[in-house]
Structure formats: C-alpha cells, structure tokens
Amino acid sequence: MKAEARSVNRWLARLACLFSLTLHAQSVPAAPPVLPAVAVAQLSRSLDAAKPHARHVWRDTPPLNADGTVNGYVEIPRDDRRKWEFDIAVHERTIDRMMPGALGGYPVNYGFVPQTLSYDGDPFDILVLGPPLTGGELVRGVIVGVMRMEDEKGLDSKAVISLQGRDGRPLHALTSGDQQRIANYFRRYKEHEPGKFSKVSGWGTVEEGLSFVKTTHAFFLKCRNSVGQACRITP
C-alpha cells in the first residue's frame, strides 16, 4: 500500500508541475497580430526609401540568428543626451533633437531590431543592457525581458537584451534597479514635447520579448502589400 501511495503521489506531483507549466505558457502575453494601416503605409515608404542602397542594415540584416540571439542596431549609446535616429533613406544616424539637461542622457543603449516593423511604423525598439556601446554598431545578444510601453502613437513596447559572455550566458541581468531606472526615464522623456506622452505599464518575460521580435518581423515580411488597410498575420 505504501509503494502504491508513493506512486500516486509522484503522479500527482508530475500532474501539478505540468499544470503549472501550461498555466505559465498561457499567461505569457503575445504581441498583437495586427499592424495598423498607418504603420503599413510607413513600411511601404521605408522600403522605397531603402531601394537605392545595395546593402541596407535594416532591410537586409536578419533579426534572429541560428543560435537564438537577436541582432540590434545601436542608435543611441547609454548616457548620450542626443536623440539619434536611423534615417532609412540616407542609411545612417542623424540627430533628431537634444534631450533636456534635467532629464539627462539615455539610461540604456537604445536601438532597433533589423527587418522588423512595429505598431507605430518604425522598426521595433531594443534596449541593450551594460555600459555605453558605439553608435551605429550592430550587436547580438539574448533577450532578458521586455518593457511594456505606450505613447501617443499606440503600443511601443521594447525588447531588452544583454550581450553574452564566453559561456553563452547574458553578461547583464535585468535587475529591479534597472527596471526602475529605465522606466522612470521613459515615463518622463516626452514631458517636454507638447501633445505627446509615454506610459510604462510594466515588464514582461523573455518569451514575451521574443514574441514581439517574431511578430514585428512577420509584419516586415508579410504586410508590404497591404497598403490602405490594417494587416493581420497568423501567429
């Protein structure tokens, strides 16, 4: 009887574990599968703007590598107050504006994932943990989370990555201190711009970050012929 009871207990423990894993998988928010019509139109314009370039970092670099790492183009190094933006037509960074001195420089390296198109019509944003990187540099790293964010254009979430060490593990963890420091900045960084706002609603998992990368890459691949209407992809 004791052996039978132990067997039943082990079976119940496995069942509970499986239920927990299933529940966790169902609770991971997926990136919305619909690209707004205004973003679809911007995708078409951006692809046209990139045509003169035989090789284009946004258009021609894959977002994901065979080892599961994510590629990211660094627009703004950490601590830089200059709001650099990648100009798709000229294929280089340009300075859009200077952030106020009271706000300070960016709290994290900031850029985008190539071959992606986000809900506002721009490439999908990426935040790279660690010390300042070189602007214009293409890096690869592992996803460690996602910052859920909205602004006046709609959903504006950003994947967070870390470069890897020699053992393949992230060099930098997304700590609670990082979350607070980064969120505080992005909640305030549009306060000086009339008619604009930004809201950080929380932080998500590695799986959620990967969902955004894959979905915005699918937008880039599949929505270019949907000009004039919203584009829905199949997850």
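The values are calculated or read from the model by the stated rules, or taken from the named source; none is laboratory data. These figures come from a predicted structure and were not determined experimentally. Note that we place each Cβ from the backbone using ideal geometry, even for glycine, and neighbour counts take in every protein chain shown.
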- Positions within the range 126-140 being surrounded by fewer than 23 Cβ atoms within 10 Å (Cβ to Cβ) and touching a strand residue (DSSP E or B) at 6+ places or on another chain (Cβ under 8 Å), in sequence order: Leu129, Gly130, Pro132, Leu133, Thr134, Gly135, Gly136, Glu137, Leu138, Val139, Arg140
- Task: Tell me the strands (runs of 3 or more DSSP E) entirely within the range 93-177 that contain at least 1 residues that are farther than 26 Å from Ser46 by Cα and assigned by TED's automatic domain parsing to the domain that holds Phe197.
- Result: 138-151, 158-162
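Taking the conditions exactly as written (within 30 Å of Leu47 (Cα to Cα), in a helix (DSSP H, G or I) and of a type in the set (D, E, K, R)), does Lys196 satisfy them or not?
Working: within 30 Å of Leu47 (Cα to Cα): yes; in a helix (DSSP H, G or I): no; of a type in the set (D, E, K, R): yes.
In short, no.
Here's the yes/no breakdown for (1) more than 12 Å from the chain's Cα centre (by Cα); (2) small (Gly, Ala, Ser); (3) crowded, with 16+ Cβ neighbours inside 10 Å; (4) at positive phi:
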{"position": "Met147", "(1), (2), (3), (4)": "no, no, yes, no"}
{"position": "Glu152", "(1), (2), (3), (4)": "yes, no, no, no"}
{"position": "His172", "(1), (2), (3), (4)": "yes, no, yes, no"}
{"position": "Ile182", "(1), (2), (3), (4)": "yes, no, yes, no"}
{"position": "Tyr189", "(1), (2), (3), (4)": "yes, no, yes, no"}
{"position": "Lys196", "(1), (2), (3), (4)": "yes, no, no, no"}
{"position": "Ser201", "(1), (2), (3), (4)": "yes, yes, no, no"}
{"position": "Cys223", "(1), (2), (3), (4)": "yes, no, yes, no"}
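Among the residues that make up the range 81-90, is at least one of them surrounded by 12 or more Cβ atoms within 10 Å (Cβ to Cβ), more than 24 Å from Val142 (Cα to Cα), in contact with a Phe, Trp or Tyr (Cβ under 7 Å, 6 or more places away or on another chain) and assigned by TED's automatic domain parsing to the domain that holds Gln164? So that I can check it myself, show each step before the final result.
Step one: list which residues in the range 81-90 are surrounded by 12 or more Cβ atoms within 10 Å (Cβ to Cβ), which gives 81-89.
Filter again for more than 24 Å from Val142 (Cα to Cα), leaving 81-83, 87-89.
Now narrow it down to the ones that are in contact with a Phe, Trp or Tyr (Cβ under 7 Å, 6 or more places away or on another chain): 88.
Subset that is assigned by TED's automatic domain parsing to the domain that holds Gln164: 88.
Yes - at least one qualifying residue is present in the range 81-90.
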- Query: Taking interchain pairs and intrachain pairs at least six residues apart, which have beta carbon atoms under 6 angstrom, with the first residue in the range 104-133 and among the acidic types (Asp, Glu) and the second surrounded by fewer than 20 Cβ atoms within 10 Å (Cβ to Cβ)?
  - Reply: Asp120/Lys153
- Message: Tell me the residue from Ala183, Ala218 that is closer than 16 Å to Pro33 by Cβ and assigned to a helix (DSSP H, G or I), please.
- Response: Ala218
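Every residue, every condition in (1) of a type outside the set (D, E, K, R); (2) closer than 30 Å to Gln229 by Cα; (3) at pLDDT 95 or above; (4) in contact with a Phe, Trp or Tyr (Cβ under 6 Å, 6 or more places away or on another chain), yes or no:
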residue: Tyr106; (1), (2), (3), (4): yes, no, yes, no
residue: Asn109; (1), (2), (3), (4): yes, no, yes, no
residue: Pro114; (1), (2), (3), (4): yes, yes, yes, yes
residue: Leu117; (1), (2), (3), (4): yes, yes, yes, yes
residue: Leu133; (1), (2), (3), (4): yes, no, yes, no
residue: Gly141; (1), (2), (3), (4): yes, no, yes, no
residue: Val144; (1), (2), (3), (4): yes, no, yes, no
residue: Glu152; (1), (2), (3), (4): no, yes, no, yes
residue: Leu163; (1), (2), (3), (4): yes, no, yes, no
- When the range 60-92 is checked residue by residue, the ones that are in a loop (DSSP other than H, G, I, E, B) and among the β-branched types (Val, Ile, Thr) are Thr61, Thr69, Ile88, Val90
